[in-house]
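Asks: Have a look at the structure that comes next, please.
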Amino acid sequence: MQGRDLPEQYGAWKTVHERHRLLSAYGTWERLLMCGWLETKS
């Protein structure tokens, strides 16, 4: 799925991209995964 094809409930694709970029830059996703907040699918 391309970013521009996101469901409307997620908002504008540029906003979603910017949030993801910032959360990645600050290490937020890594910290959430390390503490078990997000579960990965195997």
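Asks: Quick one: what pairs do we get from the range 12-36, first residue surrounded by 12 or more Cβ atoms within 10 Å (Cβ to Cβ), second among the polar types (S, T, N, Q), C-beta under 8 Å, 6+ apart or different chains?
Replies: Leu33/Thr40
Asks: Among what's in the range 1-19 and is in a helix (DSSP H, G or I), touching a Phe, Trp or Tyr at 6+ places or on another chain (Cβ under 8 Å) and not charged (D, E, K, R), pick the residue that is modelled with the highest pLDDT.
Replies: Val16
The values are calculated or read from the model by the stated rules, or taken from the named source; none is laboratory data. This one's a predicted model, so the numbers in the text were calculated from it and none came from an experiment. Note: ideal-geometry Cβ built from the backbone for every residue, glycine included; neighbour counts use all protein chains shown.
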